[in-house]
Amino acid sequence: MKANDLLDMIGNVDDGIIEEAEKKKRLAISKLTRWAAAAACLCVVIGGVLFFVRTGGHSAPGGGTGGRSGAGGSGHNEGSVFMSYAGPVFPLTLREENSTISADRTITMDFAPWVPVWIPNEEEAASRTDLTEEERQDVLNSYNEWFPEGGRYESSDHILVTDSYTLTNEDTQDQTLRVLYPFVSNLNNLAINRPTLTLNGEELETALHAGSYAGGFQGAWENGSTHDNPGSLNLDPVESWEGYRDLLADGTYCQRALGDFADFSEIPVTVYEFTDARGPESSEDDGIPNPTIRVLFELDYTQTRILSYGFNGGLHDEEKGIMGREFSIPEPGSRRYGVPRYLIVIGDDIENVNTQGFATGGWDTKKTVEANVTVTRTESNLEDALRTAAYWVQGLTDAGNYFGSEPGYGFELYFGLMKEHLSAYGVLSENVAARYATGMIEELDVAAAVRVFWLEAEITVPAGTSVKLDAAFDKEPSFDFVCGAGNRGISGYDLVTGLGSNLTFTGQTARLEDRGQIEIVRQNFGFDPANGIAAVELDLNTPHYYLEVRKAGIPGQN
């Protein structure tokens, strides 16, 4: 995207922008508001939640549906459609197709995490090395009260997956390959879901590539309905393997993940930084429950777009040509103390910027208080301005140190995905999703959005020989929530045989290690543990296999 393209898009903003409070939908909490052509709106903060109310070259990896195995999409749902779909296990692929390499695949689904493990109270308390001896004793006393038998059993509904490949080089020369292993996750759960790749038992160094958000958007959750509602207020995640089939079939999604992110350095912006906020202490007795600084300014909505960071409320009044942001004044020692706030202005600059202290948040509040904030105006570019804000969104200090533990992915990946999400769905898009219409950067679902990742590694397969490549990982189940009906208590796991892969498969085998923990409810594998059938050959022309199970031996099960 070039600067002129973005400035041209600013002229396409609809006259009149409305932001309305909406209800929650499962999995997707309503954060932002529906925009519609009409009057302006104002926002209030209730219980810490923001609400808005009206006021007037090479062969592409992943080409085809089944690589060279001949597997095509079935075009119909197989197995259950779960309320929370974890995505299938995908096959290995190559960055560049290589006809001299063939692959034999064995995938093992191990239910070892389902086996209950005894956790002694004393062992659990002793593991709290972050506490003093006295604090650990308090923890132990609490455990002994909660678990008087001296401990408790714990288990998980995840499974251990080992996806193994025997790669054979049928050529007379050694073959050096860039392998790509795909998996479903979001950034938040990457540390749990990320596979480990090994070659002949030795762990490989891998590079991480991330695809864009895999789902779509829908309207508010209305009247308890489970059907899709029009609109773009809530996330609409992929609900079946066919969604990933459509996403990966032509290879373009993978190509984007392997490419470079956009550079916004040619887009000029004006940045307003708000620092050193100070005001009275919070006091219910004095009628100052939440000292707040309000920022009000004028703009032409057709020529300007606003991105912001660090604010928890906003006012939009297009008819009057004004906009506002507000934030609670943090107290010394609080997490937000010393954190700057930013307004990033794209297009024509804003005018008549005014700050004022109020007794509490909400734009209907009239009681003012003495409060000050330092405002610094600078001219910059969108790349640098977003990078600065992204550090704070991700929980970094100016020096690049994390407030908490490192999240398991690099800042550059997070920043690139932020720019991508902002361009596709945020205020930089021609079709702004209602979820992101306020321009609040921290409301972008960069870390929460489910996407397909690829691990890339380089390996060599000697001439006329084979190597063994394993992908081992923890796989969460697909499931229905407690409010669900037919699939309550059922965990689903599935795989695809050829989707997104350009490998030539000579065979695929699935193995089940049930550990005596499960009862199979539905499947198309053909497993029969009671009769000793724990390994089955997969049909390469069957694109999708599923296994749905529940815990064995639970009273009341049919």
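Among the residues of the stretch 503-551, those that are part of a loop (DSSP other than H, G, I, E, B), open to solvent by 20 Å² or more (accessible area, probe 1.4 Å) and more than 21 Å from residue 86 (Cβ to Cβ) comprise 516, 526, 532, 534, 539, 540, 541.
Are any residues in the stretch 76-129 of a type in the set (Lys, Arg) and loosely packed, with under 15 Cβ neighbours inside 10 Å, and if so, which ones? Correct list: 128 only.
Select from the stretch 90-129 the residues that are in a loop (DSSP other than H, G, I, E, B) and of a type in the set (D, E, K, R) and write down the one among them that is nearest to residue 517 (Cα to Cα). Going through the qualifying residues, I end up with 128.
Tell me, please, whether a residue that is open to solvent by 50 Å² or more (accessible area, probe 1.4 Å), closer than 26 Å to residue 387 by Cα and in contact with a strand residue (DSSP E or B) (Cβ under 9 Å, 6 or more places away or on another chain) can be found in the stretch 339-346. No, the stretch 339-346 has no match at all.
Test of understanding: among 361, 259, 287, which residue is open to solvent by 10 Å² or more (accessible area, probe 1.4 Å), under 30 Å from residue 500 (Cα atoms) and of a type outside the set (Phe, Trp, Tyr)? Residue meeting the stated conditions: 259. Applying the condition of being closer than 29 Å to residue 517 by Cβ and open to solvent by 80 Å² or more (accessible area, probe 1.4 Å) to the stretch 130-153 and asking which residue is nearest to the chain's Cα centre (by Cα) yields 153.
At least 3 residues being surrounded by 18 or more Cβ atoms within 10 Å (Cβ to Cβ) and at pLDDT 95 or above is the threshold, and among the strands (runs of 3 or more DSSP E) wholly inside the stretch 154-254 those reaching it are 159-169, 175-185.
The values are calculated or read from the model by the stated rules, or taken from the named source; none is laboratory data. Owing to the predicted nature of the structure, the values given are computational and were not obtained by experimental measurement. Note that we place each Cβ from the backbone using ideal geometry, even for glycine, and neighbour counts take in every protein chain shown. The area values use the complete protein model at the heavy-atom level, side chains included, leaving out ligands, DNA and RNA. Shrake-Rupley method; radii C 1.70, N 1.55, O 1.52, S 1.80 Å.
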